[in-house]
Amino acid sequence: MAEIAARLAAAGIEDSAREASWLLRRAASLSASALMTAPDAPLGALAERVEAFARRRELGEPLSRIEGRRAFWSHEFAVTPDVLDPRADTETLVSAALEALAARRGQALRVLDFGVGSGAVLAALLSEWPNATGLGVDVSAAAAAVARDNLDALGLGARAQTRVGRWGEGIAGGFDVIVSNPPYIPSGEIAGLDREVREHDPLLALDGGPDGLDAYRALGPEIARLLAPGGRFLLEIGAGQGDDVVALLASVGLTVTDRRRDLGGIERVIGGSLR
């Protein structure tokens, strides 16, 4: 563990001691107590797996990618190279949706998730709304398959469908809740992102076009068409994009009534309804 910590520190990774402990325990299937009570125990055949984990982290691969799992909301999700790694900031989107529909929690809500990815947002909402049903749409067939597997693994498969397509093509309206964490990074800024993001999250889930707003231009008319009367939409946005997104949505008849910041103080979610 000390050797791995030193290597990670040399690679510029913060909190290298904690990460070294995590890598060793996960790679060798060790509990924290086993590490404390038998610190000199040999790894044996597991040494090769530990080395592989350590090398991947040295090269900047996120811990969640190495393990293939990510905790989000109150669940764990499989993540593959085909899906965005769901992060804590996106939990702001879930909490905003739950608060917006708090009075309707027990109703048979219809939920639509544009860009479903790993299925994390849709699964979180369905787990909190016991009578809701959901549809997750993604342009990537591989991502839709990951979402399907995650929903099934959480026992939500009977209440959720996944579909491969571009935004609302071929979908009829009447959704009570529409959510999305679309690609919103301006194309020219992707090269400057942290390597954990730019090298391991799919470009399709990051690139929002020259100004980062292409997805919102496409989503606005679809939300206006598909949202049921009295329904709510909630969208994740990038830093500093709030006013521009509000204007885009207003131009197609949508009213923003909710603007929320994430734990870092950055405006992260906007929500509203039909005008």
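The values are calculated or read from the model by the stated rules, or taken from the named source; none is laboratory data. The structure presented is a predicted model; accordingly, all values stated were derived computationally and were not measured. Methodologically, a virtual Cβ is constructed for each residue, glycine included, from the backbone with ideal geometry; neighbour enumeration extends over all protein chains shown.
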Every listed condition ((1) loosely packed, with under 13 Cβ neighbours inside 10 Å; (2) within 30 Å of Gly155 (Cα to Cα); (3) hydrophobic (A, V, I, L, M, F, W, C)) holds for Phe72 save (1)
Out of (1) loosely packed, with under 15 Cβ neighbours inside 10 Å; (2) among the charged types (D, E, K, R); (3) not assigned by TED's automatic domain parsing to the domain that holds Gly265, the one Arg105 does not meet is (3)
The residue that is modelled with the lowest pLDDT, considering only those in the stretch 15-35 that are hydrophobic (A, V, I, L, M, F, W, C) and closer than 20 Å to Arg69 by Cα, is Ala32
Counting only residues in the stretch 198-222 that are of a type in the set (A, V, I, L, M, F, W, C), surrounded by 18 or more Cβ atoms within 10 Å (Cβ to Cβ) and farther than 15 Å from Val246 by Cα, the one farthest from the chain's Cα centre (by Cα) is identified as Leu206
Given the conditions (1) polar (S, T, N, Q); (2) more than 30 Å from Gly265 (Cβ to Cβ); (3) touching a residue at least 40 places away in the same chain (Cβ under 8 Å); (4) not in a loop (DSSP other than H, G, I, E, B), every one holds for Ser33 apart from (3)
Residue pairs within 7 Å by beta carbon, gap of at least six or interchain, first lying in the stretch 190-213 and under 21 Å from Val139 (Cβ atoms), second among the acidic types (Asp, Glu) and buried (at least 16 other Cβ atoms within 10 Å of the Cβ), listed first then second, are Ile190/Asp207; His200/Glu61; Asp201/Asp85; Pro202/Asp82; Gly208/Asp214
Original post:
Would it be correct to say that Val269 is of a type in the set (A, V, I, L, M), under 18 Å from Ala97 (Cα atoms), modelled with pLDDT of 95 or more and surrounded by 22 or more Cβ atoms within 10 Å (Cβ to Cβ)?
Top reply: yes
Filtering the stretch 73-90 down to residues that are within 11 Å of Asn181 (Cβ to Cβ) and not β-branched (Val, Ile, Thr) yields Leu84, Pro86, Arg87, Asp89
Per the filter on the stretch 65-78, residues farther than 20 Å from Glu199 by Cα and either in a loop (DSSP other than H, G, I, E, B) or not assigned by TED's automatic domain parsing to the domain that holds Val197 (or both) are Trp73, Ser74
Turns out the strands (runs of 3 or more DSSP E) fully within the stretch 215-275 with at least 1 residues that are over 17 Å from Pro182 (Cα atoms) and among the β-branched types (Val, Ile, Thr) are 254-261
Reported set for the stretch 38-69 where residues are within 17 Å of the chain's Cα centre (by Cα), buried (at least 17 other Cβ atoms within 10 Å of the Cβ) and not hydrophobic (A, V, I, L, M, F, W, C) is Pro62, Ser64, Arg65
Within the stretch 7-28, residues hydroxyl-bearing (Ser, Thr, Tyr) and within 20 Å of Leu46 (Cα to Cα) come out as Ser21
